[in-house]
Amino acid sequence: MSLNIKTFAALVSEALARIGVKSLAIGKPITNFNTGSIIRTMTEVVSQPVSELYAYGAEMLKQSFMDSATGIWLQYKVKEFNKEKKAAVKTTGMVKYKRKVARNTNITIEANSIVGTKKDRQGNSFRYFTTAEAILEAGQTMVPVPIIAEFAGKAYNVEAGTIVEMRTFIAGIDEVTNELDWITRAGADEEKDDSLRQRGFLAWEELAGNGPKDFYKSIALGVPGVSSAWVDDNNPRGEGTIDVYVLGESGPPLPGSALIVAVQSAIDARRAPGADVRVYPPSTVAVGPWLTVTPLAGYDTVALATEIRRRLRIMFTLEDKSDTDSFDIPILGAGLDVVVAQIVHVVMGVPGVYSVSPTAFTITREGAPIETIRPAVDIVIDADEFPTLSDIIINFTAASYERQ
């Protein structure tokens, strides 16, 4: 049965038509239905709240089903299955305060000292606060100090070497920096409706008892900071074993990190008796594309290279898509192959690119030497692997004067 949702214009039109018919039937026809006429104005006044009731009813019907509910209504729906929307999480990590010369004096770094990043291309700068007092002891040139982001959100999961500004002056300290793997807990944005809805549907799978795969995936996704999860329930380590792989907001977490421990604890609290369930980060496969690009005449190749790299970073989940971006980019993830045609699609979407040819890939798997694949072919990613982006080599040919 289709719903007959009437708009304000339809209600006014129907009402005026009925008035015209009925007035004619009693021998006193009303013919002036122009804008501003008394009869039309009164009809519009009455039709307005009626149209709002129709709209309200349609909206409430939409919000009654998990598949279409949004916002607070979706939160009410998933709460029926004991699910809560994941709150935003602040980034925590370690920075190193340094001095160039080891002197015979102690330097105290007070708690709540402020460090930060330089402004990025959007003009944003991120501040962090030290969470404990630390002392750079005499004879030492460096001391690690724990920090926490000023606000919650994945934007604070900045790259190594970007936290370089001391906003709180400390005499005797020459520099501060965040080194590789500086994050101890990745920051996360407040959970979006799509993710919450997925966990709501997974709750049905839990209740239906359709096996451990969806059950453990649902538990893992419920841990703040987990962006995606997948489960290998094919006895990967022998009979009765299950492996759960998780990704954080900034990519694969480190083995033994706070996120891995949190997911393992959540699963241990609810796993079946005797079940051997372990949580791991996925193995990373670093992919470096070599691209030969022909630009259209009149386009700046430096700007083109910057935009190509940005879009590939979005494809490899290293950068969020801007709210103003309308282009279509396939997003890679764990177990998803790196397909040459998809890379061509992404690069060809950049205004000013006439043609592109991926000529080679460099591939680095954990514990293995760098491998160069030439000519470029699709890269198979195993179920326990996660593709990441390494160096992008772009060679520009002579510009084309043809127009697409």
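Could you give me the residue pairs with C-beta distances under 9 Å whose first residue belongs to the stretch 157-186 and is free of Cβ contacts under 8 Å to residues at least 12 places away in the same chain, whose second residue is crowded, with 18+ Cβ neighbours inside 10 Å wherever it lies, and which are 6+ apart or on separate chains?
Going by the 9 Å Cβ cut-off, the qualifying pairs are Glu159/Asn178.
Name the single residue that is nearest to Tyr280 (Cα to Cα) among those in the stretch 359-404 being in contact with a Lys or Arg (Cβ under 9 Å, 6 or more places away or on another chain) and either in contact (Cβ under 8 Å) with a residue 12 or more places away in the chain or assigned to a loop (DSSP other than H, G, I, E, B) (or both).
Glu385
Can you tell me which residue among Met66, Met94, Met60 is exposed (fewer than 11 other Cβ atoms within 10 Å of the Cβ) and within 39 Å of the chain's Cα centre (by Cα)? Steps first, answer last, please.
Numbers: Met66 fails: exposed (fewer than 11 other Cβ atoms within 10 Å of the Cβ); Met94 fails: exposed (fewer than 11 other Cβ atoms within 10 Å of the Cβ).
Within the list Met66, Met94, Met60, the selection yields Met60.
Just give me the residues in the stretch 167-180 being part of a strand (DSSP E or B) and over 29 Å from the mean Cα position of the chain (by Cα), in sequence order. Even if it seems obvious, please write down each step before you answer.
Of the stretch 167-180, the ones part of a strand (DSSP E or B) are 175-177.
Of everything in the stretch 167-180, just one residue is part of a strand (DSSP E or B) and over 29 Å from the mean Cα position of the chain (by Cα), namely Glu175.
From the list Ala69, Ala88, pick out the single residue that is small (Gly, Ala, Ser) and in contact with a strand residue (DSSP E or B) (Cβ under 8 Å, 6 or more places away or on another chain). Reasoning before the result, please.
Values: Ala69 fails: in contact with a strand residue (DSSP E or B) (Cβ under 8 Å, 6 or more places away or on another chain).
The match here is Ala88.
Out of (1) over 19 Å from Gly238 (Cα atoms); (2) in contact with a strand residue (DSSP E or B) (Cβ under 8 Å, 6 or more places away or on another chain); (3) not β-branched (Val, Ile, Thr), the odd one out for Ala269 is which?
Result: Ala269 fails condition (2) only.
How about the stretch 199-315: which helices (runs of 4 or more DSSP H) wholly inside it have at least 2 residues that are buried (at least 20 other Cβ atoms within 10 Å of the Cβ) and in the same structural domain as Ile373 (by TED's automatic domain parsing)?
Details: elements: 212-221, 258-268, 301-315.
Here the list reads 301-315.
When the residues of the stretch 23-39 are filtered to those that are part of a helix (DSSP H, G or I) and either hydrophobic (A, V, I, L, M, F, W, C) or at pLDDT 90 or above (or both), which remaining residue is surrounded by the most Cβ atoms within 10 Å (Cβ to Cβ)? Steps first, answer last, please.
Of the stretch 23-39, the ones part of a helix (DSSP H, G or I) are 23-25, 38-39.
Then keep just the ones that are either hydrophobic (A, V, I, L, M, F, W, C) or at pLDDT 90 or above (or both); that gives 24-25, 38-39.
Numbers: Leu24: 12, Ala25: 9, Ile38: 9, Ile39: 17.
Only one residue fits best here, namely Ile39.
Go through the stretch 80-109 and count every residue that is more than 27 Å from Ala258 (Cα to Cα) and in the same structural domain as Met142 (by TED's automatic domain parsing). Quick ask: steps written out before the conclusion?
Residues of the stretch 80-109 more than 27 Å from Ala258 (Cα to Cα): 80, 99-108.
Still in the running and in the same structural domain as Met142 (by TED's automatic domain parsing): 99-108.
Adding up the residues that qualify gives 10.
Counting only residues that are among the small types (Gly, Ala, Ser), on the phi < 0 side of the Ramachandran plot and part of a loop (DSSP other than H, G, I, E, B), which one in the stretch 316-343 is modelled with the lowest pLDDT?
In this case the residue turns out to be Ser322.
What number of residues within the stretch 1-22 are charged (D, E, K, R) and not in a helix (DSSP H, G or I)? Break it down into steps so the answer makes sense when it comes.
Here is the first cut: in the stretch 1-22, the residues charged (D, E, K, R) are 6, 14, 18, 22.
Of the ones still in play, those that are also not in a helix (DSSP H, G or I) are 6.
Number of matching residues: 1.
Report yes if Val356 is under 28 Å from Pro375 (Cβ atoms), in a strand (DSSP E or B) and touching a residue at least 24 places away in the same chain (Cβ under 8 Å), otherwise no. Working first, answer last.
Details: under 28 Å from Pro375 (Cβ atoms): yes; in a strand (DSSP E or B): yes; touching a residue at least 24 places away in the same chain (Cβ under 8 Å): yes.
Yes; evaluated as a whole, the condition is true for this residue.
The values are calculated or read from the model by the stated rules, or taken from the named source; none is laboratory data. None of these values were measured; they are calculated from a predicted model. All Cβ positions, even for glycine, are placed from backbone atoms using ideal geometry, and neighbour counts span all protein chains on display.
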